[in-house]
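The values are calculated or read from the model by the stated rules, or taken from the named source; none is laboratory data. Values in this document were obtained by computation on a predicted structure and should not be read as measured data. When we count neighbours, we look across all protein chains shown, and the Cβ atoms used for this are built from the backbone with ideal geometry, even at glycine.
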Amino acid sequence: MEASKLPGFLLRRGVKAAIVVLAIVICNFLLVHAAPGDPASVIAGQSGAADAVFLEQLRRQFGLDQPLYVQLWIYLKSVLSLDLGFSHRQQAPVAQLVLERLPATLLLTGAAFAFALAAGVTLGALAAQRVGRWADSVITVIALTFYATPLFWVGLMLVLVFSVWLEWLPSFGMSSVGVEMHGLEVVWDVAQHLLLPALTLGLFYLAVYARLTRATMLEVADQDFVKTARAKGVPEGRILRAHVLRNALLPVITFAGIQAGQLLGGSILVETVFAWPGIGRLAFEALLARDYPVLLGVFFCTSVMVVLFNLLTDMLYAIIDPRVEVAG
Amino acid sequence: MSLLRVDGLTVALPPGGDRPHAVEDVSFHVDAGEILCVVGESGSGKSISANAVMGLLPKGLPVRQGSIAFEGRELLSLAPEAMRKLRGERLAMIFQEPMTALNPLMRVGDQIAEVLRVHGSGADAARRVPELLAAVNLPDPAAIARSHPFRLSGGQRQRVMIAMALALEPALLIADEPTTALDVTTQMQILRLIREIQSRRGMGVLFITHDFGVVAEIADRVAVMQRGRIVEQGPAAEVLNRPQHSYTQALIAAVPHGAAQARAAITTAPVLELRGVEKTYRRGGFFGARAVVRAVHDADISLRQGETLGLVGESGSGKSTLARCVVRLVEPERGTIAYHGTDLRPLSRAGWKPYRRRIQMVFQDPYASLNPRRTVGDTIAEGPVTHGTPRAQALERARELLRLVQLDPGAMDRYPHEFSGGQRQRIGIARALAMEPELLIADEPVSALDVSVQAQVLALLAEIRARLGLTMLFITHDLRVAAQICDRVAVMQRGAIVEQGPTSEVFAAPRHAYTRQLLDSIPGRGWTPPEL
């Protein structure tokens, strides 16, 4: 992509992204309100005084007695002014709750994503290079095992092995409780806590990328330009890196870009298993408590993330593949 | 001592093939400063021989016997690393398909520089790359070097490939059908370029081709291959004009001879008249930039009963688009398409239906244009059955048609993959004829076929036309084919017809500069195939 086209591209894509986010916000709102049970009945049930008058009073207080389109309009107006509302259950602004939890989730998913991509592409490339030999079979078996095993089970097994039996790694939380630490000690501590959940979250995607990389590398290896490189006398190692792998990465990037969003969704389960203080767990708790504003806030935040990731993928793709016209 | 001497080379095919060896007991030599053309039809083993010299045979095709000596060294016993060092430095190769032979993600200049770098002269790259690009007559070498391959045309890419092959001044250049995928005018430029560079540097060239026209244009010596063996070799003039082996004679007899004989003018009533037909492709819009391509404009033609009109032009000239407009595979924006005086363009789908069976089409690619999951009988009978013919009757007719296109009626229950390219094209013709059309549109029906098969299919078309009184619109990029089969030709360039008239007149006295250029580019136009 030529650098001069970048601002226009970003502007056009920005407008489109905003429209997409708005549509998602509306869908989320309608979905959440289509679910049975409302916050008033949950609060009333928990306070033990569930008579009709109290319910009515609660509903009026939260604006739940208004028609749905009015509620939607009010919600949209506040979202547009970046006000995500107030959680009555947690007695805190939603934006604050989400932002507090966001870094932990980004750290977890980012680490898992980087691990899955790096290890997956490496394994896939190794398998493609040794296609049909034992190393290829071993990598295929490993990848398929991770592909077929449920996330939570992998998590539990990792905890069992590394925390309970070997006592190498902590099994829950993001940092050690009640220990005074400084500088690098904190980093080391968080890294230790991060390892198991990031592995758990990343293993499935590692399998996907390994399979995909292997398949596309074998496909690219048959193409004419690889033969051209060979006819030029380029050494095999360089053919693999500069010609085959680079071209084979294009579909992997496309796929990874789509999955970066799914990774955020997958983190709900892992955050619950490992008691990781991220937005996944926040969403889970909010769902149980029918805390609509928090739930909607989390949804909004994740959808913005997904749209951002897609935009980033497209830009990356346009930089790597010169044939891609950066049309808005 | 010859530059390259191949002796008794035998390469095995994987078990289960139609023959045990891809090439068998093949011997030839190339001297410095000469061009040896290896000619043969597809599957004759000519590419395998070339790849064996480069040490680029796939694993499934092992060398069983023979020797390949290059500059006195035996290549077959060379270690892989030593062979790699020779490739690109002393031995270079260019390929058939310029569109896929360059790495799409790498700048052209970097790809050329890579040859220099992997052979230890990367320091010169900045100076040598523009020099090399200039040497293959590419304009603005600096800008080309910075481009990615997708920005360049097929001819430009093939020039880049040649520049890359010549980077280290190899002693031997192997060219595997380097002009087959190119337009005829580009082909001529590339052939001249190879000739010129070869004579300037005294390189040896091993040139693989299937086209005797190209052989006549470029070869010093010729080797003819058939089913893995060399059946005849000798000096070009000798083989071209006095072929000894029956296979060579058959191949040369099948070459469409460029001369167009005068034909009686046809004065019957017009069947099809195209007036002011326009088709413009637009891309982009909403947010992106617009791109507009005028695929067809100023292309009026009229076709009389029983006449064959050839539509000739290079790729992208709009000839296929125009033909597709007639059968409404493409919908033009403007103009009239009059069939016996009725304008077909504004008709609805239902209104079109009666005309569907009277206008039929034969496509270029015999591999892609038949449904692989249907038997040949069903494929041929499908059209008539859709139009209300009872199935039994349609199948009976299909059997007759197979006989008409000289296929065994036993082919009815078989599937397309069981047939060769030429046989499939016959099936495609039978399918078109099943509708008993009055007008047949043939879109490059012989371009994907070997020359001997091409001659058979052309003869078949001529015979059917005479027998059934068909009117035919025949699209081709090959002027030799057009000369042989068409009563009149229309020359298309960039969406417009620049010249049309009786074939013999257009060939003898072309009026438009582009027509002259096309005719001058027919490979081997100085060679008249001998009467055999």
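A compact table of results
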item	result
Criterion (farther than 27 Å from residue B:311 by Cβ, assigned to a loop (DSSP other than H, G, I, E, B) and hydrophobic (A, V, I, L, M, F, W, C)) met by exactly one of B:402, B:407	B:407
Output for the stretch B:63-86, where each listed residue is free of Cβ contacts under 8 Å to residues at least 40 places away in the same chain, more than 9 Å from chain A (Cβ to nearest Cβ) and not in a strand (DSSP E or B)	B:75, B:76, B:77, B:78, B:79, B:82
Helices (runs of 4 or more DSSP H) contained in the stretch A:214-301 and holding at least 3 residues under 30 Å from residue B:92 (Cα atoms)	A:224-231, A:246-273
Single condition residue B:152 does not satisfy, out of (1) over 17 Å from residue B:168 (Cβ atoms); (2) buried (at least 17 other Cβ atoms within 10 Å of the Cβ); (3) within 8 Å of chain A (Cβ to nearest Cβ)	(3)
Some residue of the stretch B:121-139 being more than 9 Å from every other protein chain (Cβ to nearest Cβ), part of a loop (DSSP other than H, G, I, E, B) and over 29 Å from the mean Cα position of the chain (by Cα)	yes
Qualifying residue in the stretch B:87-104 (condition: part of a helix (DSSP H, G or I), within 13 Å of chain A (Cβ to nearest Cβ) and under 20 Å from residue B:190 (Cα atoms))	no
Residues located in the stretch B:411-443, provided they are closer than 16 Å to residue B:460 by Cα and among the charged types (D, E, K, R)	B:424, B:426, B:431, B:443
Selection within the stretch A:283-292 - buried (at least 20 other Cβ atoms within 10 Å of the Cβ) and within 21 Å of the chain's Cα centre (by Cα)	A:283, A:286
Residue count, the stretch A:203-223 (criterion: modelled with pLDDT of 90 or more and either within 15 Å of residue B:104 (Cβ to Cβ) or in contact with an Asp or Glu (Cβ under 6 Å, 6 or more places away or on another chain) (or both))	3
Single unsatisfied condition, residue A:115 versus (1) touching a residue at least 60 places away in the same chain (Cβ under 8 Å); (2) out of contact with any Leu (no Cβ under 9 Å at 6 or more places or on another chain)	(2)
Conditions (1) facing chain A (nearest Cβ under 8 Å); (2) without any contact (Cβ under 8 Å) to a residue 40 or more places away in the chain: number failed by residue B:58	(1)
Elements of type helices (runs of 4 or more DSSP H) in the stretch B:158-242, at least 2 residues being under 19 Å from the mean Cα position of the chain (by Cα) and farther than 30 Å from residue B:13 by Cα	B:184-201, B:212-218
Residue match in the stretch A:150-172 (condition: acidic (Asp, Glu), part of a loop (DSSP other than H, G, I, E, B) and farther than 21 Å from residue A:254 by Cα)	yes
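Residues checked against (1) within 14 Å of chain B (Cβ to nearest Cβ); (2) under 30 Å from residue B:54 (Cβ atoms):
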| position | (1), (2) |
| --- | --- |
| A:204 | no, no |
| A:207 | no, no |
| A:215 | no, yes |
| A:230 | yes, yes |
| A:237 | yes, yes |
| A:257 | no, no |
| A:265 | no, no |
| A:273 | no, no |
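So that you can scan it fast, the table gives a plain yes or no per residue for (1) assigned to a loop (DSSP other than H, G, I, E, B); (2) charged (D, E, K, R); (3) closer than 24 Å to residue B:473 by Cα:
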site	(1), (2), (3)
B:354	no, no, yes
B:365	yes, yes, yes
B:368	yes, no, yes
B:373	yes, yes, no
B:381	no, no, yes
B:384	no, no, yes
